[in-house]
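Accompanying notes for the structure given below.
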Amino acid sequence: MFREEDLCKPIIDFFAPLGYKIYAEILDCDLALIKDNDLILVELKKIFCIKLLYQAIERQKISKSVYVALPRLEMTNSRNFKNAVEILERLGLGLLLIATDSPKQWVEVVLIPNYDKNPNGKARKKLIDEMNGRVFDTDIANTGGSSRRKIMTAYRETSIRLACALEAVGATSAVFLKKNFGFGKNTGNILLKNYYGWFTKTTQKGIYDLSETGRRMLEGAEFSRFIEYYRKEFENFRED
């Protein structure tokens, strides 16, 4: 059965050769693409609907370049196709049609975004900061349009990296982790808040270790690709 997330890969394949770095399911945006200072947001939907328009208009607070992506078959078979295109054009939104009915799964750019209001600087910065906090691309991390799986946020990814560091190093402090492995200034806060239950305080002040929940997470399959990646980062330390 066709799903929203099936629209994701053709868009990645279309924009990646143009030099865009692509992130999926990031701060409520289905897809965010960036190259230099050019930020593009894409909202994915199986059908053209009011909810899609609401979401796309909300994204225009972050970027002038917002596309909606829809299956070609859904749109071109609709008697209201011309009306939908006119609405999108008036709103300054772009339109991508995905040939999900073709083995090639190609993308057609029907409309280029033409929105003239400046985005909210704080909202734009918040999104870009989240993008910069992620290491993995869309293929390894999230799939745009997905709503029933855990999203790999920068916070979750940093927590996994911290867990891998503690696994290699043993109980230690945030100061040590920042000094030796380049963890950010929020490291102590992540360990203290322990949002996922992966860490535990020891009897020594400011010293943290992995909890049993954290150890089970590292041996589980849910984040295995991330764990494999970050375990390699700390291999040399573990061998020493």
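So that you can scan it fast, the table gives a plain yes or no per residue for (1) part of a helix (DSSP H, G or I); (2) over 18 Å from the mean Cα position of the chain (by Cα):
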site	(1), (2)
K9	yes, no
F15	yes, no
D30	no, no
I62	no, no
L73	yes, yes
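From the residues in region 206-233 that are at pLDDT below 95 and basic (K, R), which one is nearest to A171 (Cα to Cα)? By that ranking, first place goes to R231.
For Y230, the conditions (1) assigned to a helix (DSSP H, G or I); (2) of a type outside the set (A, V, I, L, M); (3) surrounded by fewer than 11 Cβ atoms within 10 Å (Cβ to Cβ) are fulfilled apart from (3). I34 meets the conditions (1) touching a residue at least 24 places away in the same chain (Cβ under 8 Å); (2) crowded, with 21+ Cβ neighbours inside 10 Å; (3) in a strand (DSSP E or B) in every case but one. The failed one is (2).
Within region 43-52, can one find any residue that is touching a helix residue (DSSP H, G or I) at 6+ places or on another chain (Cβ under 7 Å) and outside any loop (DSSP other than H, G, I, E, B)? It would help to see each step written out before you state the result.
Taking region 43-52 first, the residues touching a helix residue (DSSP H, G or I) at 6+ places or on another chain (Cβ under 7 Å) are 43-48.
Adding the requirement that they be outside any loop (DSSP other than H, G, I, E, B) leaves 43-44.
Yes, region 43-52 contains a residue that is touching a helix residue (DSSP H, G or I) at 6+ places or on another chain (Cβ under 7 Å) and outside any loop (DSSP other than H, G, I, E, B).
How do the pairs read when you match residues in region 1-22 that are at pLDDT 90 or above with residues anywhere that are surrounded by fewer than 15 Cβ atoms within 10 Å (Cβ to Cβ), using Cβ under 6 Å and keeping only pairs 6 or more apart or on different chains? As it stands, the answer is G19/K35; Y20/K35, since those pairs meet every condition given.
N189 - would you say it is in a helix (DSSP H, G or I), farther than 28 Å from I26 by Cα and either of a type in the set (S, T, N, Q) or in contact with a strand residue (DSSP E or B) (Cβ under 7 Å, 6 or more places away or on another chain) (or both)? Here the answer is no, as N189 does not meet what is asked.
The values are calculated or read from the model by the stated rules, or taken from the named source; none is laboratory data. Note that this is a predicted model, so its numbers are computed, not measured. Positions of Cβ are backbone-derived with ideal geometry, glycine not excepted, and every protein chain shown enters the neighbour counts.
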